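The values are calculated or read from the model by the stated rules, or taken from the named source; none is laboratory data. Not measured: the values here are computed from a predicted model. Glycine gets a Cβ as well: all are built from the backbone with ideal geometry, and neighbour counts include every protein chain shown.
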Ligand code: ADP
């Protein structure tokens, strides 16, 4: 990909066998900005977790359902006041019952009809707008699920590149505004894809 190493950013590799939610510690390796975390995003005690929501923001299945269950009914109340969210955009709420301070709701493209420029750009916008929303609100640690790759059908092998590229580009321009970006994987195939591709975008040396 031609990316040069960035001193402040390096890959954090989980312990062998994958990290469990309880293995994740806040402030661990603060010198390192990129983490790969395998587990439930609702367990992370950080500034902001990103939700792969739908246009209504009223809750759904997958990670969205898990976040709403863990946050409690107040989250849905706040979401209901936001007038929905367009694909590729992001809106922020409090975290309520979650250990995370904020939830950033973004809506990924539906890719069941295949991936074209429109879907690709929308997925990149999700990552960029989520990071922009985080930094605008003073959130310095942000965790992303694998947006659109579940129910919305975006192929994981393609999504991982859009995710890593967009985050890398954002950090290149704004790395003073963030302490840590966590890629939260939930499926073994995504863990493998991130382990393979993280070093391309965040080379260790
Ligand atoms: P989308 O509708 O955007 O495709 P999904 O929630 O269906 O969103 O899937 C997105 C990703 O989130 C999938 O990789 C899924 O395995 C993962 N996921 C589901 N539950 C959780 C959770 N509790 N924490 C983190 N990731 C999760």
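Remarks
- Restricting attention to segment 54-83, the residues that are near the ligand (Cβ under 8 Å from one of its atoms), closer than 24 Å to residue 124 by Cβ and touching a helix residue (DSSP H, G or I) at 6+ places or on another chain (Cβ under 9 Å) add up to 4.
- Filtering 171, 200 for residues that are surrounded by 18 or more Cβ atoms within 10 Å (Cβ to Cβ), over 15 Å from residue 50 (Cβ atoms), more than 16 Å from the ligand (Cβ to nearest atom) and at pLDDT below 95 leaves a single hit, 171.
- Residue in segment 132-154 that is within 16 Å of the ligand (Cβ to nearest atom), out of contact with any helix residue (DSSP H, G or I) (no Cβ under 7 Å at 6 or more places or on another chain), modelled with pLDDT of 95 or more and not in a helix (DSSP H, G or I) present: yes
- Of all residues in segment 112-159, those being in contact with a strand residue (DSSP E or B) (Cβ under 9 Å, 6 or more places away or on another chain) and closer than 19 Å to residue 54 by Cβ number 16.
- Matching residues, segment 101-117, being at pLDDT 95 or above and either within 11 Å of the ligand (Cβ to nearest atom) or surrounded by 24 or more Cβ atoms within 10 Å (Cβ to Cβ) (or both): 103, 104, 105, 106, 107, 108, 109, 110, 111
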